[in-house]
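A short worksheet on the structure shown next.
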Amino acid sequence: MIMIDRKFMNYRRNFKKYLDDLGKRKPSPGGGSAVCISVCLGLSLIEKSINYSLDKEGMLRIKDSKFSGKRYLMRAASLRRKIYDYIDLDGQIFDKVMKCKGKDREKALKMSEKLIVDVAKACVKVFFLAKEIESGIKKSISSDFYIGLEFIKTALFGCVTNLDANTSIFGRSNKYIDSFKKSLEKWQRF
């Protein structure tokens, strides 16, 4: 039997309630919140891979040039912080969607849609960031980098699925959905 070091147990305990609630028959947390967690997990792994790939001067070697690693870390961290706030906000907004009627419900649906569109746009930004830095990621940490990208792909798929569901359930179409589907197809080959 493998013994778990006590310093790591808080991660598990703090996450347990979320996972338990996610599996229950209740409106939130749901898919939107899980998509946000996927983005944050993916970005954190990409940040880790950047950090381990920096040289002693904090530079990232991309092809034959060196670039400030801080610049890339700031871009990834900024996206992660934004999406992190959406983990709980998604459930709060969806609660309003389910409780409200008429114009209030329409307003809540627009807020929900905007959140998912923001998350999808963040995913696309991550793909461009990843393509820019991929050659600078050290082989010894590249597995974390690519696992992070898989989380981002899953999140973008979740956004597209969520927007599709809103179309069929609430009769709402979204002007971004086709471009997100194309992005998903393009980045599946990453």
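Here are the numbers for the structure shown:
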{"quantity": "Candidates Phe128, Phe180, filtered to the one that is surrounded by 15 or more Cβ atoms within 10 Å (Cβ to Cβ) and not aliphatic (A, V, I, L, M)", "calculated": "Phe180"}
{"quantity": "Subset of region 64-85 (residues that are of a type in the set (Lys, Arg) and either in contact (Cβ under 8 Å) with a residue 12 or more places away in the chain or within 21 Å of Lys125 (Cα to Cα) (or both))", "calculated": "Lys70, Arg71, Arg75, Arg80, Arg81, Lys82"}
{"quantity": "Residue in region 90-111 that is within 24 Å of Ser173 (Cα to Cα), of a type in the set (D, E, K, R) and either in contact with a His (Cβ under 6 Å, 6 or more places away or on another chain) or not in a helix (DSSP H, G or I) (or both) present", "calculated": "yes"}
{"quantity": "Candidate set from region 166-189 (those that are part of a helix (DSSP H, G or I), of a type in the set (Gly, Ala, Ser) and without any contact (Cβ under 8 Å) to a residue 60 or more places away in the chain); member that is farthest from Lys114 (Cα to Cα)", "calculated": "Ser168"}
{"quantity": "Tally of residues being of a type outside the set (Ser, Thr, Tyr), free of Cβ contacts under 8 Å to residues at least 24 places away in the same chain and either surrounded by 15 or more Cβ atoms within 10 Å (Cβ to Cβ) or within 17 Å of Arg75 (Cα to Cα) (or both) across region 132-152", "calculated": "1"}
{"quantity": "So Gly158, is it in contact (Cβ under 8 Å) with a residue 24 or more places away in the chain and either in contact with a Leu (Cβ under 6 Å, 6 or more places away or on another chain) or under 27 Å from Ser68 (Cα atoms) (or both)", "calculated": "no"}
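For (1) over 21 Å from Asp164 (Cα atoms); (2) in contact with a Pro (Cβ under 7 Å, 6 or more places away or on another chain); (3) in contact (Cβ under 8 Å) with a residue 24 or more places away in the chain, each residue gets a yes or a no:
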{"site": "Arg13", "(1), (2), (3)": "yes, no, no"}
{"site": "Tyr18", "(1), (2), (3)": "yes, yes, no"}
{"site": "Arg25", "(1), (2), (3)": "yes, no, no"}
{"site": "Ser49", "(1), (2), (3)": "yes, no, yes"}
{"site": "Tyr52", "(1), (2), (3)": "yes, no, yes"}
{"site": "Ile62", "(1), (2), (3)": "yes, no, yes"}
{"site": "Ile87", "(1), (2), (3)": "no, no, yes"}
{"site": "Glu106", "(1), (2), (3)": "no, no, no"}
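One line per residue, one yes/no per condition, for (1) part of a loop (DSSP other than H, G, I, E, B); (2) hydrophobic (A, V, I, L, M, F, W, C); (3) over 30 Å from Lys131 (Cβ atoms):
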{"site": "Ser28", "(1), (2), (3)": "yes, no, yes"}
{"site": "Val35", "(1), (2), (3)": "no, yes, no"}
{"site": "Tyr72", "(1), (2), (3)": "no, no, no"}
{"site": "Ile87", "(1), (2), (3)": "no, yes, no"}
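Throughout, read-outs are computed from the coordinates displayed, never taken from laboratory work. Since the model is a prediction, treat every value here as computed from it, not as a measurement. Neighbour counts run over all protein chains shown; Cβ positions are idealised from the backbone, glycine included.
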